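Here is the structure we will look at.
Just so it is clear, none of the values below were taken in a lab; they were calculated from the coordinates. Please read these numbers as outputs of a predicted model, since none were measured by experiment. Cβ coordinates were reconstructed from backbone atoms using ideal geometry, including for glycine residues, and neighbour counts include every protein chain displayed.
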Amino acid sequence: MNEENFVPVFVFTGFLESGKTTFIKNEWLKEDIFHDGSKTVIILCEEGIEEFDKEELSQDNITLITLDDVSQFNEEFLTKVNQQYQPNNVIIEKCTSQTIEEMFSFEYPEDWGIADIITLLDASTFDMYSKNMGKMMLQQYQYSSIVVFNRCDENTSKQKFRANIKASNPQANIYFQDMQGNIEQFEGELPFDYNKDTIELEDIDYGLFYIDLMDNPQRYENKTITFNGQCVQPKGFPKTAFASGRKAMTCCADDVQFLKLLCLSENVKMPKFKDWDWFKVTGVMNLHSLPESPDQPMPVLTITKIEKSESAQTELVYFS
């Protein structure tokens, strides 16, 4: 790919009527790159109630292409779009039934590259859809760089929603938009004081701790952490290394993930255990940079004390 000719592609995902078109019109198209005379193509893979104004778009050199059927979205179609319009920017509003894997299962034009995947989620239906259509819901945001919960009100469980997304997609930036269109990046409140040198977690708090650790690892460097968790010895690990953490249900019963920490017990004798045994673990958090991701240090817990414990009252972490 020639960086000078790079064409950023912005993919918008979300269920039908989740607010994708409204967000593109009222928020995304306000960016300067869509008003500097460059050519933009919007590919609309499904139509909802909200519509684009073609005449208004044309004033900013934006072309709207609407597909009658998602099967039309293929390599040949994108090649024709590139040849006919030679766009500088591309916006794709994805069809609900089309998965991200299907969208990227073929070659895009040479200079096109995915800049952002943006997911719009209706806060008023997120819980219900997660319980009843968990896998389909997860497909909408699991690869997204930006997730926007819209239609938020005073009853929106921002901390719970944010944690659910972060458990499946730690890299996502999450925003909340109220009924008036105001947008905020909510960080949430933690049920423990991360400023202390020693942090002893309640069973119910592990999920929120883990999400914050992944977001802000520097907060916990050189801190002593104690928690109750399950331990696993993955194949290939030395005897002095293991993983400990809690299982978390994110969007549905089929999507249970192990929120694990790498633990090193070089100076502490590790008791014999079977995978998924429960232990009360105490250790000092250190950050280790990996060659493949030097800007994203990996938290590693150096064990100072470990002892068998009773399982938590609820085995799964729910973030609520």
(message) Tell me the net charge near residue 259. Cut-off is 9 Å between Cβ atoms, residue 259 excluded, with +1 for each Lys or Arg and -1 for each Asp or Glu.
(response) +3
(request) On a 0 to 90° scale, report how tilted helix 206-215 is relative to the longest principal axis of the chain, with both axes built from alpha carbons and the result rounded to the nearest 10. (result) 60
(request) Excluding residue 183 itself, calculate the net charge of residues whose Cβ lies under 13 Å from the Cβ of residue 183, where each Lys or Arg counts +1 and each Asp or Glu counts -1. (result) 0
(message) Please list, ordered by chain and number, the residues whose modelled amide H lies under 5 Å from the amide H of residue 112; skip anything fewer than 5 residues away on the same chain.
(response) 7
(message) Can you list residues from other chains, or at least 5 along the same chain, whose modelled amide H is less than 5 Å from the amide H of residue 63?
(response) 40, 41, 42
(request) Sequence neighbours fewer than 8 away in the same chain don't count; with that in mind, list the lysines whose C-alpha is under 17 Å from residue 80. (result) 39
(message) I'd like the chymotrypsin sites (Phe, Trp or Tyr not before Pro) in segment 221-284 restricted to DSSP loop residues with at most 14 other Cβ atoms within 10 Å, sorted by number.
(response) 276
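Work out how much length residue 98 to residue 192 would gain on full extension: take 0.36 nm times their residue separation and subtract the Cα-Cα distance, in nm to one decimal.
In short, 29.7 nm is gained.
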(request) May I ask you to compute the full-extension gain from residue 135 to residue 4, defined as 0.36 nm times their residue separation minus their alpha-carbon distance, rounded to one decimal in nm? (result) 43.3 nm
(request) Go through [x] 5, 25, 33, 22, 11, 3, 0; [y] 5, 23, 27, 21, 15, 7, 1, 0; [z] 5, 21, 27, 18, 11, 8, 5, 3, 1, 0 and flag the label whose value is the computed P(r) over Cα pairs in 10 Å bins from 0, in percent for this structure. (result) [y]
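Just subtract the alpha-carbon distance of residue 256 and residue 59 from 0.36 nm times their residue separation and send over the number in nm, one decimal.
66.1 nm
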(message) Take residue 79 and residue 128, extend 7 Å from each Cα along the Cα→Cβ direction, and tell me the distance between the two endpoints in nm.
(response) 4.5
(request) Quickly estimate the mean residue ellipticity at 222 nm for the chain, helices only: each DSSP H run with n ≥ 4 gives -39500 (n - 2.57), and the total goes over all residues, rounded to 500. (result) -5000 deg cm²/dmol
(request) Obtain the nm distance between the two label points defined at residue 50 and residue 218 by a simple spin-label model: each point lies 7 Å from its Cα along the Cα-to-C-beta direction. (result) 3.6
(message) Students often forget the sequence filter, so: which lysines lie under 21 Å Cα-Cα from residue 239 once same-chain residues fewer than 8 apart are removed?
(response) 260, 269, 272, 274, 280, 305, 308
(request) Give the angle, between 0 and 90 degrees and rounded to the nearest 10, that separates the Cα long axis of helix 158-168 from the longest principal axis of the Cα atoms of the chain. (result) 90
